[in-house]
Amino acid sequence: MERDSSQRKFSDKTLRDLTHRLNAGIYRNEPGEDGRFIWCNDAIAEISGYSKDELMSMKVSELYSRSSDRREFEQEINTTGSVRGKQLRLVGKSGEPVYVEVTAVARYDDSSGEVKYYEGIVLDVTSKVEMYRNISHQISTPILGIQFSTEKLLGGEEFGKTSHLLLKSILGLTHIAGFLARNLHYMSSLLDKSEDAFRMGLVKTSLLSPTLKVVIDLQEYARHLKGLRINLETKTFEGLPEVLTDKTAFTMTLYCILDNAIKYSFEDSTVYVEASRSKKYTSIHVRNYGLPLTKENIPPSNPNIFTKEYRCEDAIAFMPSGYGLGLYFARRIMQLHGGEIFVEPSKDYWTTFRLAFPTIITTQGLNHDSI
Amino acid sequence: MTQSKTVFILEDDEMIRGSVVSALNNAGFETCCYSNEVDFRSALAEPNTSPNVIILDIMAPIGRLTKDSYERTKAHYANLGDELPPAKKTGLRIAHDIKTSDQFIGLKGTPIVIYSILKEDSFREEASNLGIVYFVKGENELQDLVNHVIKVAL
């Protein structure tokens with residue numbers, strides 16, 4: 001009996017610790033316009049931006065961006081007894097919207113039969129919602145171009161007049177759709193923090209062939225978008241050792257970095273893609289001439305550059321559309337490779353991002369090492 | 001009927017700009033197009049500028065992505081002691097200045113249309129508070145925009 005009790009105590013504590021460590025918010029709160037939290041775990045505080053003390057002293061309805069949403073939520077859960085994966089738009093302490101998915105049940109008072117409290121799990125899906133919104137925005141623009149020009153053609157306009165607009169729209173759409181077709185499931189897994197879904201298949205690979213593929217994919221797009229050239233410095237790949245990499249994941253990473261380079265380059269400039277190796281890393285460098293990154297923009301002064309949805313002030317002002325996700329994805333994937341991503345402050349508007357893979361040490365060792 | 005009327009357009013996307021210009025030209029309007037905020041504001045500040053209608057994209061870059069434009073824009077805002085404004089609400093910011101700033105005093109009564117891909121209620125509300133019509137690309141047909149321009153330009 002004693003053993004059972006200590007085991008249960010241990011289990012209770014473990015369960016409590018686990019509950020607080022989970023990424024999912026767990027809560028119990030009172031019904032009604034003035035209902036408050038009875039209990040919540042640390043994740044609720046993290047999701048909302050409020051401290052647990054602040055949460056316990058405020059009305060639950062204050063977390064909703066519209067009070068009518070809270071009423072609708074209660075109406076639904078009171079009618080059916082539960083809700084599953086319901087998406088709600090809350091407002092965090094910062095005032096920014098927080099999108100969550102809630103699965104909850106209503107608990108009833110035995111004697112009165114009235115709702116006593118709600119218990120539920122909350123998942124923060126803000127990044128996903130923002131990503132899909134951005135994707136929708138980016139896809140809509142070339143679709144509109146295609147729609148407009150097709151209508152004009154059907155209205156009898158000469159093909160020559162409309163062809164430039166139509167073809168450019170198709171190129172834009174192909175670029176976005178191609179990227180999504182290859183990478184959407186990866187992006188979704190990374191935002192879910194479910195890297196297991198990645199199933200990284202690390203095999204010894206030469207970096208030249210996937211790099212060449214990405215460069216070829218983006219060359220025409222970059223030229224039409226803003227007169228950019230992408231130079232792949234193949235000589236720097238000569239003698240480059242193979243590295244352990246998941247080819248598809250690496251392709252996506254390089255795509256993100258090169259896409260950024262294209263986006264933030266000054267018009268009619270050149271982006272260089274090069275390789276290098278040292279004892280520690282075998283690396284791909286993407287160097288572009290454009291919006292600079294100062295010492296203040298990058299780590300250690302600013303660790304946010306690789307975090308989700310972060311974009312520098314210059315980037316937001318000069319290039320409005322963007323997910324703020326490319327560098328986040330790139331770093332996560334490089335870390336899953338046991339590698340890293342590096343960036344140095346720009347010099348004379350030249351910025352270099354380096355994708356660094358661990359160098360495989362062979363029995364022969366490496367020649368011409370540099371640090 | 002509308003031959004002498006001029007529409008100023010701020011739209012950074014070449015595809016959409018081309019479509020809007022073509023539709024308005026077909027309806028008999030002259031058009032002046034700008035792809036970024038700095039160029040658009042400079043054009044509005046020119047003496048004797050009097051567009052009959054202004055069409056603004058909600059999100060447009062502050063300047064061209066060239067070294068020269070970047071350095072000029074940064075220097076301009078540094079002189080003002082301001083940070084670069086975010087591009088998220090460019091159209092609304094410009095519309096607000098046209099309606100309220102003395103710099104654009106001659107343009108206060110000019111009809112303004114926001115032509116946006118964003119559907120957020122807060123943007124529509126803000127536009128409505130400024131007395132501006134808000135069209136959503138894709139939700140409203142291009143011809144709806146042209147019809148509206150014809151109506152307000154008369």
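What follows is calculated from the coordinates using simple rules that are stated; it is not laboratory data. Fair warning: this is a prediction, and the values are worked out from it, not measured in the lab. Backbone-built Cβ (ideal geometry, glycine too); neighbour counts: all protein chains shown.
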Report summary line: Calc'd 3J(HN,Hα), region A:252-263, phi into Karplus 6.51 cos²θ - 1.76 cosθ + 1.60 (θ = phi - 60°), Hz, glycine/Pro = x, comes to 5, 4, 5, 4, 4, 5, 5, 4, 4, 4, 5, 4
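Based on Cβ point charges of +1 for Lys and Arg and -1 for Asp and Glu, what charge dipole magnitude is obtained for region A:214-326 about its Cα centre, in debye rounded to the nearest 20? Working shown, then result.
Numbers: 13 positive and 14 negative charges, 55 e Å.
I would put it at about 260 debye.
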Report summary line: Here, A:TYR310 and A:THR205, labelled 7 Å along Cα→Cβ, have an inter-label distance in nm of 2.7
Query raised in the report: Angle between the Cα long axis of helix A:326-336 and the longest principal axis of chain A, 0 to 90 degrees, nearest 10?
Result: 90
Requested in this report: Answer rounded, prolate or oblate for region B:76-140, using the Cα gyration tensor with square roots of eigenvalues a ≥ b ≥ c: rounded when a/c is under 1.5, else prolate when a/b is larger than b/c, else oblate.
Outcome: oblate
Report summary line: Shape call for region A:163-254, from the Cα gyration tensor axes a ≥ b ≥ c (a/c under 1.5 means rounded, otherwise prolate when a/b beats b/c, else oblate), comes out oblate
Report summary line: With only helices counted (DSSP H, runs n ≥ 4, each -39500 (n - 2.57)), the per-residue ellipticity at 222 nm for chain B, to the nearest 500, works out to -13500 deg cm²/dmol
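What FRET efficiency, computed as 1/(1 + (r/R0)^6) with R0 = 30 Å and r the Cβ-Cβ distance, is obtained for A:SER57 and B:LEU80, rounded to the nearest 0.05? Please list the in-between numbers first.
On the way: r = 42 Å, r/R0 = 1.40.
FRET efficiency, A:SER57 to B:LEU80: 0.10.
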Requested in this report: Please work out the Cα convex hull volume for chain B and give it in Å³ per residue.
Outcome: 115
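Just counting partner chain Cβ atoms within 10 Å, what average do the residues of peptide B:8-15 show around their Cβ?
Values: counts 0, 0, 0, 0, 4, 7, 9, 15.
Shielding by partners across B:8-15 averages 4.
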**Report entry** In order through region B:17-28: 3J(HN,Hα) via Karplus (6.51 cos²θ - 1.76 cosθ + 1.60), integer Hz, x for Gly, Pro
**Finding:** 4, x, 5, 5, 4, 4, 5, 6, 4, 4, 8, x
Query raised in the report: According to a simple spin-label model (label point 7 Å from Cα along Cα-to-Cβ), what is the distance in nm between A:LEU336 and A:ARG66?
Result: 3.7
Query - Label-point gap, in nm, between A:SER82 and B:LYS88 - each point 7 angstrom along Cα→Cβ - result: 3.7
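Quote the charge dipole size of chain A about the Cα centre in Debye, to the nearest 20; the model charges only the Cβ of Lys and Arg (+1) and of Asp and Glu (-1). All intermediate terms of the calculation are to be shown ahead of the outcome.
Values: 46 positive and 48 negative charges, 180 e Å.
In debye, rounded to 20, chain A gives about 860.
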**Report entry** Expected-Rg normalisation [2.2 N^0.38 Å, Cα atoms] applied to region A:2-124
**Finding:** 1.13
**Report entry** Ordering of A:233-246, A:252-265 by packing [mean C-beta count within 10 Å, highest first]
**Finding:** A:252-265, A:233-246
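Could you state the per residue volume, in Å³, of the convex hull enclosing the Cα atoms of region A:183-328? Let's see the in-between values first.
On the way: hull volume 18.6 nm³, N = 146.
Once divided by residue count, the hull of region A:183-328 is 127 Å³.
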Query - Cβ-Cβ FRET estimate between A:SER112 and B:GLU120, R0 fixed at 41 Å, reported to 0.05 - result: 0.45
Report summary line: Taking every DSSP bridge whose two residues both lie in region A:200-371, the antiparallel percent to the nearest 5 is 85
Query raised in the report: Could you give the angle, 0 to 90 degrees to the nearest 10, between helix A:2-21's Cα long axis and the longest principal axis of the Cα atoms of chain A?
Result: 50
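Direction-averaged shadow area of the convex hull around the Cα atoms of chain A, nm²? Can you show the working numbers first?
Numbers: hull surface 112.2 nm².
Mean shadow area of the hull around the Cα atoms is 28.0 nm².
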Report summary line: Relative to chain A, whose Cα atoms define the longest principal axis, helix A:208-226 and its Cα axis are tilted in degrees, nearest 10, by 90
Requested in this report: Enter the mean number of other protein chain beta carbons within 10 Å of the beta carbon of each residue in A:268-275, as an integer.
Outcome: 1
Requested in this report: Evaluate E = 1/(1 + (r/R0)^6) for A:GLU157 and B:GLU141, where r is the Cβ-Cβ distance and R0 equals 25 Å; express this FRET efficiency to the nearest 0.05.
Outcome: 0.90
Query - Cα centroid separation, region A:61-110 to region B:1-62 (Å) - result: 44
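Determine the calculated [θ] at 222 nm for chain A from helices alone, applying -39500 (n - 2.57) to every DSSP H run no shorter than 4 residues and normalising by the residue count; nearest 500 deg cm²/dmol.
Working: 10 runs with 163 residues, N = 371.
For chain A, the value works out to -14500 deg cm²/dmol.
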Requested in this report: Report, in whole Å, the centroid distance computed from the Cα atoms of region B:96-154 and region A:132-195.
Outcome: 26
